Amino acid sequence: MQKSRRPFHLETPIALIGFMGCGKSSVAHYFEKHYKIQVIEMDREIEEQEGKTISDIFKENGEPYFRQLETELLRCLPTKPLIISCGGGVAMRDENVELIKEKGLLIYLELSPETVYYRTRKDNSRPLLHGKKTVEDIRELMETRIYQYEKVADITVNVDKKTIPQICRELIEKIENINKK
Ligand code: S3P
């Protein structure tokens, strides 16, 4: 029998951060579907605004241009409760972190390089993973980021070997605990 889902009310915006493949979009859409919370997927917004894919933006305009678009998008975010599914590089810029923290919480979805490898091995849509063919390649790139993800996170949830509903339940508990303080 399916367990009933208990009600959950989001009080501030939350931003999901973490390495590529950690499930930010899937977690965000679970909240959208089951709790009717609005989601902003940064990569999709930027693709729509530019009329091209992230890969083409990197190829034609370069990574610094893309990073600027991310920051500009964060400057325009509303302050109402919603879920922002960030690209994996968003939290690497302190200015972005400050823009999010002014309004809400940063949630870090942590995972192992093995899980990233398994989830992204057949995907060509992420320019920064081109040529990253092994777990070791991914570990190397992850190691340049983990320190910052951990430093800026208000909440961390490890997602290895967990289902999306399990991750969301854990996340809800942690958000409620923060709200109680
Ligand atoms: C990036 C992650 C991607 C996308 C772009 C750069 C990164 O988003 O923003 O390819 O720097 O880690 P996902 O984390 O949703 O894959």
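Bear in mind these aren't lab numbers, they're just calculated from the coordinates by the rules spelled out. Quick caveat: nothing in here was measured; it's all calculated off a predicted structure. Every residue, glycine among them, receives a Cβ derived from its backbone with ideal geometry; neighbour counts consider all protein chains shown.
For the cross-link pairs Lys101/Lys162; Lys132/Lys161; Lys24/Lys52; Lys122/Lys162; Lys36/Lys133, the ones whose C-alpha atoms lie over 30 Å apart are Lys36/Lys133.
Just how many % of Cα pairs in segment 59-115 lie over 18 Å apart, if you round to the nearest whole percent? In whole percent, the long-distance tail amounts to 39.
When its C-alpha radius of gyration is set against 2.2 N^0.38 Å (N residues), segment 22-110 gives a value of 1.08. Helix content alone sets the calculated 222 nm mean residue ellipticity of the chain: runs of n ≥ 4 DSSP H residues at -39500 (n - 2.57) each, divided across all residues, give -15000 deg cm²/dmol. Averaging the sequence gap over all C-alpha pairs within less than 8 Å and six or more residues apart, then dividing by the number of residues, gives the chain a relative contact order of 31 percent. Summarising the amide proton neighbourhood of Asn158: residues at separation of 5 or more, or on other chains, whose placed amide H is nearer than 5 Å comprise Glu110.
Take the alpha carbon gyration tensor of segment 42-181, find the square roots of its eigenvalues, order them as a ≥ b ≥ c, and report rounded if a/c is under 1.5; if not, report prolate when a/b exceeds b/c, else oblate. Oblate. What FRET efficiency do you get for Asn61 and Thr134 if R0 is 30 Å and r is their Cβ-Cβ distance, rounded to the nearest 0.05? That gives a FRET efficiency of 0.55.
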